[in-house]
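The values are calculated or read from the model by the stated rules, or taken from the named source; none is laboratory data. No experiment lies behind these values; they were computed from the predicted model shown. Note: ideal-geometry Cβ built from the backbone for every residue, glycine included; neighbour counts use all protein chains shown. Surface accessibility is based on the protein's heavy atoms, side chains included, excluding ligands, DNA and RNA. Shrake-Rupley method; radii C 1.70, N 1.55, O 1.52, S 1.80 Å.
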Amino acid sequence: MSTARSVPLAPASEEVGWLGSVDATINSFFEPITAVFSGIVFFPITVGALSFPAVVAWLIVAGVVFTFYFGFIQFRGLKVAAEVIRGKFSSKDDPGEVPHFQALTSALSGTVGLGNIAGVGAAMALGGPGATFWMILAGLLGMASKFAECTLGVKYREVHEDGSISGGPFKYLPVAFKRFGRWPAKILTGTFAVAILLFGVAGGNMFQANQTFAQIQNVTGGDDGILGSAGAALLFGVVLAVLVAVVILGGIKSIGATTSKLVPAMAAVYIVACLFVIIVNFENVPAAFGAIIDGAFRPEGFAGGVVGVMIVGFQRASFSNEAGVGSAAIAHSAVKTRRPVSEGFVALFEPLMDTVLICTMTALAIIMAGAPSLQAGIQQVRGGGDAPDGVILTSDAFATVLPWFPVVLSIAVALFAYSTLITWSYYGLKSWEYLFGRGRRREIAYKVIFLTFTVAGCVLSFSQVISFTDAALFVCAFVNLLGVYLLLPVIKREMKEYLADRKSGKLEMLGIEDEDIKEAAARA
């Protein structure tokens, strides 16, 4: 996931005129509101001289509890997950809108982004190489959280007459909270829906549009380049909105078809670039892993020692993969399946790819390249300064072996942001439907609003608005995980039945029977 904590927003251009005044006025209005709201959501827990958001502890504790409750499913379930993604136990007649692979890529497109590039760079400056170890551990714990919430997302989904799906926390949270009474259940679920909608329109939309324009503007000459004028920003925003509209007007099937091609392609390009940096610096591999292990348990010079570096790693991983937030369960709920837990197994791959693979490879590339900006950033933090722009550290690391890579990185950032944008449009739509009901006119109204904010994101910053909605996203974690805790026995029962059917061969027999029935019908 890409958040306002990862990359600074590009300021609104002074040439915007009255639009710049609107931007400043709205930011001024939201500034005190954001300060209070963020202070509540990111309420700090203090350990000695260290402070970290309580929501991060809430996410990590959930990952630990789910890991033990499901018997370390993130390790023993990977083979099953691979079989499900390949379609081994699937039938074309299964209810749903998209196959397992497309559901996975749709959800991944909402998490893999600037947080993996800029967020890791910032983590290296804040916690040194040792933060990588704790990011990996947090990613592994997050796999259990994704397994739980995505199973529930499919378990309680609603299949409409036209074949479309409404699922995710909007469906399982009312079930979980009904023991509290009708109105508490409505209030808690409604709070979740409002928070997701706010983030979808601003954080998942405006921020992505803003950063896409900022990166492209930067590599085309900055303020003096072809995209340096306010008019160019507006035109870019309109073009981007049209590109987004082409995909989102087709619904989750169109989003799934797009992300199933875009996510693997852009991830492959980025991973190959990471591997290239690692291969060129291959002699530094032992030293890099040594620095990661040593820095995780003996982080000399870093404030807070082991605990401080651990917190940095956990926090960056939590902000990157969204495990426990509940957003991914919305995309996964559209999958074509008759067995809800099958998609829980598929969801295991999300934190594995997002955090354990991509974040780790980014960290290794930065550590092994040894660009001067990394050590300068670490010294800046040790001296009491703010963490440097993480994307610069990442870019500098690649530039040590690929001088032209900052241009490629800008394209990668733009593609990551675009895929995140279209996925969050879907999450926001499902929140809109929960709050205002389904209907063609209501859906069109939402998409017009969403695309309008896409254009606004390129021209304006609304930085305080995005900071506000960024905090709102993590309200979802408190509500969502409480609901998941209450439904843990349901998930465990589904898991045991599915694994038993796989062991007995029943799952494969069901797939064969489906094919036989279709062939017999065709012959008849």
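Once backbone amide H atoms are built at 1.01 Å from N, residue 45 has 52, 54 as its partners under 5 Å, excluding neighbours fewer than 5 places away on the same chain. Under 19 Å of direct C-alpha separation, and excluding same-chain neighbours fewer than eight residues apart, residue 178 reaches these lysines: 155, 186.
How do the peptides 198-209, 34-45, 231-242 rank, highest first, by the average count of neighbouring beta carbon atoms within 10 Å per residue? It would help to have the intermediate numbers written out before the result.
Numbers: 198-209: 27.2, 34-45: 14.3, 231-242: 18.1.
Final packing ranking: 198-209, 231-242, 34-45.
Phi angles across region 336-349 convert, under the Karplus curve 6.51 cos²θ - 1.76 cosθ + 1.60 with θ = phi - 60°, into 3J(HN,Hα) values of 8, 6, 9, 10, x, 5, 4, 6, x, 5, 4, 5, 4, 6 Hz, Gly and Pro given as x. Beyond 21 Å in Cα-Cα separation lie the following of the pairs 79/171; 261/430; 146/506; 336/430: 79/171; 261/430; 146/506.
Give me the distance between the Cα centres of region 409-455 and region 466-483, rounded to whole Å. That distance is 18 Å. A simple packing score, the average count of other Cβ atoms within 10 Å per residue, orders the peptides 410-417, 220-227 as 410-417, 220-227, with the highest score first. Sequentially through region 392-404, phi angles give Karplus couplings (6.51, -1.76, 1.60; θ = phi - 60°) of 5, 4, 5, 4, 5, 5, 5, 5, 5, 10, 10, x, 8 Hz, Gly and Pro residues having no value and appearing as x. At the residue level, residue 407 shows approximately 80 square angstrom of accessible surface with a 1.4 angstrom probe and all protein chains present.
Averaged across orientations, what area in nm² does the convex hull of the alpha carbons in region 186-276 project? Please list the in-between numbers first.
Numbers: hull surface 34.8 nm².
Its average projected convex-hull area is 8.7 nm².
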